[in-house]
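The values are calculated or read from the model by the stated rules, or taken from the named source; none is laboratory data. What you see is a predicted model, and the numbers here were worked out from it, not measured in a lab. As a convention, Cβ positions derive from the backbone with ideal geometry for all residues, glycine included, and neighbour counts pool all protein chains shown.
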Amino acid sequence: MYWRKSGNTLSTAEFNKEIYIVEVSSFQLFWSKEFTPEISALINLMPDHLDWHSSLEEYYNTKIDLILKSINNKGLGFVNANLKSYFDFNNKNLFFFGENGDYLWNNNMIKTKNNINITIKNNALNLDIYKEDVLAAVAIALNLDISKDLIEESLKTFKTLEHRLEFVGEYKNIKFYNDSKATNVHAAFSAYKSFRNKDYIALLSGRPKNEDMTEFLKELQKNARKTIVFGEMINEIKKYPFFTNYIIEKNLNSAFKKAVSLADEGYYIILSPAGASYDLFKNYKERGKAFKKEVYRLMEMV
């Protein structure tokens, strides 16, 4: 069974289900002493929330400790294989997914060490940004003895969530994606990597989180046709003199108009901001809805 309602705490659940799935923030983990799930998953470790945590080590350890709590209490831990160095021991209750892991993405299929292959029949999930999540979900589902057929059907019918690399619409063969939930560099980096070898215009904005943007901006310098920056992110971008492939605009409305004016047929315009929304918006949802409103207004002109 499954329980999740965005914005509600687990304590408000009716506790009449067999299994509860929750997403836990590093802030909650930092203060929690007793929270020990039977199954824990660690999707990635990338710098984030350094405006709150005292150090990168502290931030990483809050997530690593969750896995250790589970496996030390005879539960299961599922970890991205590129994080093996943080777990320098073998444990029968610890599983790795991704390259050189127990669960591997191969074209449109997930292959497992138990020779159970899960076919992915959903083009949306082939974007890089979703692969780590799908691998973790499939690994956990198989260990809960959920059938191959049910897993494949669930993946086939899965619809991406609002503000998470959400396809909004198309205007004159220009496609628009809303990824307003990408409030840090790692999330935005994953989104834009999914559009390599495509013609796209990137929109960056928001309040930075004291992250190193070097590799991320190298990605945009090389692959984006143009990057448009607005909000507090403008001052952050200026710290990286090698990054020259950008235009400054004052707000979302002017940035959107500039992107459309630069886009040719077949282009993608992507809002994956890499910063928190609080400089110009109440939250990432308001920012995403503002972007979608611009798209819908444009589509009405056709």
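Assorted remarks:
- Restricting the first member to region 206-228 and to residues that are closer than 20 Å to Tyr278 by Cβ and touching a residue at least 60 places away in the same chain (Cβ under 8 Å), and the second to residues that are assigned to a helix (DSSP H, G or I) and not basic (Lys, Arg), the beta-carbon pairs closer than 6 Å and six or more apart or on different chains are Gly206/Met233; Pro208/Glu236; Glu211/Val185; Met213/Val185.
- When each of Lys239, Lys258 is tested for being assigned to a loop (DSSP other than H, G, I, E, B) and among the basic types (Lys, Arg), the lone residue that passes is Lys239.
- Residue match in region 260-281 (condition: without any contact (Cβ under 8 Å) to a residue 12 or more places away in the chain and under 14 Å from His163 (Cβ atoms)): yes
- Each residue in region 277-302 was checked for being over 18 Å from Thr227 (Cβ atoms) and not in a loop (DSSP other than H, G, I, E, B), and 13 pass.
- Condition met for Ile110 (modelled with pLDDT of 90 or more, over 26 Å from Thr36 (Cβ atoms) and either out of contact with any Gly (no Cβ under 9 Å at 6 or more places or on another chain) or surrounded by fewer than 17 Cβ atoms within 10 Å (Cβ to Cβ) (or both)): yes
- Residue in region 73-90 that is surrounded by the most Cβ atoms within 10 Å (Cβ to Cβ), counting only those that are of a type in the set (Gly, Ala, Ser) and over 18 Å from Val138 (Cβ atoms): Gly75
- Every residue from region 113-129 that is under 25 Å from Lys193 (Cα atoms), surrounded by fewer than 16 Cβ atoms within 10 Å (Cβ to Cβ) and at pLDDT 90 or above: Thr119, Lys121
- In the set Thr244, Thr227, only one residue is surrounded by 15 or more Cβ atoms within 10 Å (Cβ to Cβ), modelled with pLDDT of 95 or more, among the hydroxyl-bearing types (Ser, Thr, Tyr) and not assigned by TED's automatic domain parsing to the domain that holds Ile129; that residue is Thr227.
- Considering only residues in region 28-49 that are among the aromatic types (Phe, Trp, Tyr) and surrounded by 13 or more Cβ atoms within 10 Å (Cβ to Cβ), the one that is farthest from Lys181 (Cα to Cα) turns out to be Phe35.
- Candidate set from region 50-72 (those that are among the polar types (S, T, N, Q) and farther than 21 Å from Asp102 by Cβ); member that is surrounded by the most Cβ atoms within 10 Å (Cβ to Cβ): Thr62
- Top-ranked residue in region 211-224 [being surrounded by fewer than 17 Cβ atoms within 10 Å (Cβ to Cβ) and of a type in the set (S, T, N, Q); ranked as nearest to the chain's Cα centre (by Cα)]: Thr214
- Considering region 91-107, the residues that are under 25 Å from Pro37 (Cα atoms) and under 20 Å from the mean Cα position of the chain (by Cα) include one that is surrounded by the most Cβ atoms within 10 Å (Cβ to Cβ), namely Phe97.
- Restricting attention to region 168-186, the residues that are touching a Lys or Arg at 6+ places or on another chain (Cβ under 7 Å) and at pLDDT below 95 total 2.
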